[in-house]
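Trainee: First, the structure itself, so that you have it in front of you.
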Amino acid sequence: MDPLLLIPGRYRLAGIVIFQDEAQHHVENLAAFTVSPGSINGHGISNHRACGLVHLPHRWQACELQYNAFCTGR
C-alpha cells in the first residue's frame, strides 16, 4: 500500500461496512490521531489547511513556449 502523506493536523477516522452494494453499518469516530510536522525528501510540509489534506509528490518541468497565433489573439 502506498503511503498516505497527510499534512500536519488532527484527523478523525470513520468507517462503513457495505454488503451487496448496501451500507450495513456506519461509525463516525472510530479513532482520532494527530500528524506532527515533518518533511518529505528534505522538504518541509505546510500545515496550512488551505493547501489541502495530503501532500502529492510531484516534479515540475519548464518547457520553451512555441509561437502560436492563437495565443496572441491574431
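The values are calculated or read from the model by the stated rules, or taken from the named source; none is laboratory data. Just so it is clear, the model here is predicted, and its values are computed rather than measured. Here the Cβ positions follow ideal geometry from the backbone for every residue, glycine too, while neighbour counts run over all protein chains shown.
Trainee: Here is a check on your reading of the model: is R59 in a strand (DSSP E or B), of a type in the set (K, R) and either modelled with pLDDT under 90 or out of contact with any Asp or Glu (no Cβ under 9 Å at 6 or more places or on another chain) (or both)?
Mentor: Judged against the criteria, R59 is not a match.
Trainee: Go through segment 1-44 and give me each residue that's among the acidic types (D, E) and either assigned to a strand (DSSP E or B) or surrounded by 10 or more Cβ atoms within 10 Å (Cβ to Cβ) (or both).
Mentor: Once the filter is applied, which keeps residues that are among the acidic types (D, E) and either assigned to a strand (DSSP E or B) or surrounded by 10 or more Cβ atoms within 10 Å (Cβ to Cβ) (or both), segment 1-44 yields E22, E28.
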